Amino acid sequence: YKTFDGDVKWDHNDITYRILNYSPDLDISLTDDAFARAFKVWSDVTPLTFTRLYEGTADIMVSFGKGDHGDPYPFDGKDGLLAHAYPPGQGIQGDAHFDDDENWTLGNGPVSKTRYGNAEGALCHFPFTFEGKSYTTCTTDGRSDNLPWCATTADFGRDKKYGFCPSELLYTFGGNADAAPCVFPFVFQGKEYSKCTTEGRQDRNRLWCATTANYDDDKKWGLCRDKDTAVSGGNSEGEPCHFPFTFQGQVYDACTSDGRGDGRLWGATTANYDDDKKWGLCRDKGYSLFLVAAHEFGHALGLDHSNVRQALMYPMYSYVENFSLHKDDIAGIQYLYGRREGPLPTPPRPTTTTAAPRPTTTTAPTPVDPTTKDVCKVNKFDSITVIKNYLYFFSDGYYWTRSSRAQNGDLKGPFRVSQRWPALPTVIDAAFEDLVTRKLYFFSGRQFWVYTGQSFLGPRSIEKLGLPASVRTVEGALQRGRTKVLLFSGEKYWRLDMKTQTVERGYPRYIHTAFGGVPSEPHDVFQLNGYTYFSWDRFYWRMTPSKQVDRVGYVKYDLLPC
Amino acid sequence: WSLPLKSLHVIFPGDIIKNMTDMELAKSYLTKFGYMENLQRSGFQSIVSTTTALKKMQQRLGLEETGQLDPPTLEAMKQPRCGLPDVAN
């Protein structure tokens, strides 16, 4: 690793950041989340905290811009330079800039968060099939109102799960119209516009629309989000591809690299390229905003480029699926700010106990004598859940694990719950892993605990989550997307928003209304290999993603090697 | 199926054709990311060569230090990357 000359660093550990604007490529919530996770990469290993400001000057001002964006280092269009950041200090120092000519994704193709529909805001599933055709982008096929939509599972015909993709016909962002949709046609400087335009903007590279019929009168406007079929570069920036299109007499239903020597995918934006010569580059896998941001924030904290290729601070971008910080980066940041000791700092919470890690629990748990507790003699488990790809069976102060992917022959345990998670009581009613923060939530009676590694928060009352006093236990927890968790109790379930840490309005709902054919009061609910399992007494009911119960069996014989 | 494959290459209107030779690309890269500038500023302008800058870049990026614009070096120069210069100026 390398630091900047003079080991430039912040003189305080409570760093603030502010997101000044957003890219049209990614939903705002996904962008916020990517930046928060990028900061957490560093705060996990060094005693820094990152607090987001919504106004005023923050230490790290984060923004998107294109080409000349107000500093001496212009960006260069798509690809090439992706972002840059300044070492710690006042003014522009510490700031991070991201090139908005890039296609910002989570690194693995288009990411579209849906709204409305019946998928509760889930991400589009690309590709998905609809009436025998495979779609890799949102489509207006099958609709007469021209609203782009996508399926949120692989097969719309089977699952019927869908939502609407970002569209100016549904909402805008930025501007001054509180996300109101565009009104077409609208009048601007006496001229009528029937689609979003860059006219009138100094930067000439952002599409906008009026949200009333007459901008000249009302001055209400918003930015249009690029459609995921919108092209970049070429001579039709921001226009959607026209499928099918004709090129050299051949008909194309998807973007192609034909005719190009550089292998990049392109598409025509009219029906016939040969006649109109209108084209642009299609969206590719894009660059992971999270990975690039984590790298740039490294600069903003005082790290220069590393010459270790696997390190985050290596100057070239490469996508990695399951990111973890390289030891070179850890050594660099800890050279500047030291090691993180003890639990993550959190705001004081009167009802909460924060415990320091116990050195004795950092080693791998040791199984106790199997004869102490025979898994095959347990008729009903307190809780069954999946944590970090392992299936956990909890019973009366003990637990067993097995890989969620392998067959049940690899069972390990029993282990004492108190050895691994010393703060927890004997009976665990439910547990789940927050897929974003990787924190573990444990429920027992009317209390819950949150573990991050070996540090924990709790016990807290489940009323803090917005559950009513009538709920005596939380019996099961089921992840829904990355930010929602369904909490089951008795005949009902609630949906917990992990960001706000409260259950949402419109709940509770009855289990039987959403999950037909399973026990009305399951003991455990968990997800395994794409199926949802409801268990009651010694039995389980397995539900497919399309909500069909396809198997009923014994926990002991099917999920355990008994 | 036995027809010969037709090679199709089109100059797209508005496409940014970077008619840069490999050496031009290399000099632009070495300058933009601080390798040339830094060496020139050190007062040894007369002996500064692309070879020296290339070696510095190869060393900095963990590549084999050949001082030549070899395929791995050229490939590295074409990769998407952070805009911060590798050598501070």
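The values are calculated or read from the model by the stated rules, or taken from the named source; none is laboratory data. Source: prediction; values computed, not measured. In this analysis, Cβ positions are derived from the backbone assuming ideal geometry, glycine residues included, and neighbour counts consider all displayed protein chains.
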Checklist entry - Do we have A:His69 as within 14 Å of chain B (Cβ to nearest Cβ) and not in a loop (DSSP other than H, G, I, E, B) here? => result no
Next on the checklist: Quick check on my filter: what residues within segment A:124-138 are assigned to a strand (DSSP E or B) and within 20 Å of the chain's Cα centre (by Cα)?
Outcome noted: A:Phe128
Checklist entry - Do you know which of the residues in segment A:46-65 that are surrounded by fewer than 20 Cβ atoms within 10 Å (Cβ to Cβ) and part of a loop (DSSP other than H, G, I, E, B) is nearest to the other protein chains (Cβ to nearest Cβ)? => result A:Thr46
Item to check | Flag if B:Glu37 is under 30 Å from A:Val8 (Cα atoms), away from chain A (no Cβ under 11 Å) and at pLDDT 90 or above | outcome: no
Checklist entry - Tell me, which residue of segment B:53-89 that is in a helix (DSSP H, G or I) and at the interface with another protein chain (Cβ under 7 Å from one of its Cβ atoms) is nearest to the chain's Cα centre (by Cα)? => result B:Ala76
Checklist entry - Only one residue in A:Gly121, A:Gly94 is small (Gly, Ala, Ser), crowded, with 22+ Cβ neighbours inside 10 Å and assigned to a loop (DSSP other than H, G, I, E, B), so which one is that? => result A:Gly94
Next on the checklist: Scan segment B:40-50 and tell me whether some residue there is modelled with pLDDT under 90 and on the phi > 0 side of the Ramachandran plot.
Outcome noted: yes
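Can you tell me which of A:Asp71, A:Asp5, A:Asp25 is charged (D, E, K, R), modelled with pLDDT under 90 and over 28 Å from the mean Cα position of the chain (by Cα)?
Values: A:Asp71 fails: modelled with pLDDT under 90; A:Asp25 fails: over 28 Å from the mean Cα position of the chain (by Cα).
One residue alone meets the criteria, A:Asp5.
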Checklist entry - Which residues, taken from segment A:217-233, are modelled with pLDDT of 80 or more and outside any strand (DSSP E or B)? => result A:Asp217, A:Asp218, A:Lys219, A:Lys220, A:Cys224
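Answer yes or no as to whether A:Thr502 is more than 22 Å from A:Phe539 (Cα to Cα) and not acidic (Asp, Glu). Even if it seems obvious, please write down each step before you answer.
On the way: more than 22 Å from A:Phe539 (Cα to Cα): yes; not acidic (Asp, Glu): yes.
So A:Thr502 passes the test.
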Checklist outcome for this item: Note on segment A:244-286: residues among the hydrophobic types (A, V, I, L, M, F, W, C) and buried (at least 17 other Cβ atoms within 10 Å of the Cβ) are A:Phe245, A:Phe247, A:Cys255, A:Trp266, A:Ala268, A:Trp279, A:Leu281, A:Cys282
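For A:Gly157, are the conditions met, namely being farther than 20 Å from A:Pro240 by Cα, part of a loop (DSSP other than H, G, I, E, B) and over 22 Å from the mean Cα position of the chain (by Cα)?
no
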Checklist entry - What tally of residues in segment A:176-224 results from selecting those that are over 19 Å from A:Asp100 (Cα atoms), small (Gly, Ala, Ser) and in contact with a strand residue (DSSP E or B) (Cβ under 7 Å, 6 or more places away or on another chain)? => result 6
Next on the checklist: Going residue by residue through segment A:384-403, is there one that turns out to be at pLDDT below 80, surrounded by fewer than 20 Cβ atoms within 10 Å (Cβ to Cβ) and either closer than 23 Å to A:Gln479 by Cβ or not basic (Lys, Arg) (or both)?
Outcome noted: no
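For segment A:237-263, how many residues meet the condition of being facing chain B (nearest Cβ under 10 Å) and at pLDDT below 80? Before you say what the answer is, go through the steps one by one.
We begin by selecting, within segment A:237-263, every residue facing chain B (nearest Cβ under 10 Å); these are A:237, A:247-248, A:250, A:258-262.
Okay, now just the ones that are also at pLDDT below 80, so A:237, A:261-262.
Selection size over segment A:237-263: 3.
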Checklist outcome for this item: Within segment A:90-128, of all residues that are polar (S, T, N, Q) and touching a Lys or Arg at 6+ places or on another chain (Cβ under 9 Å), the one farthest from A:Gly298 (Cα to Cα) is A:Asn118
Checklist outcome for this item: Only unsatisfied item for A:Ala83, checking (1) touching a Leu at 6+ places or on another chain (Cβ under 8 Å); (2) at pLDDT 85 or above; (3) among the hydrophobic types (A, V, I, L, M, F, W, C), is (1)
Item to check | Of residues in segment A:294-324 being of a type in the set (A, V, I, L, M) and part of a loop (DSSP other than H, G, I, E, B), the one farthest from A:Arg18 (Cα to Cα) | outcome: A:Val308
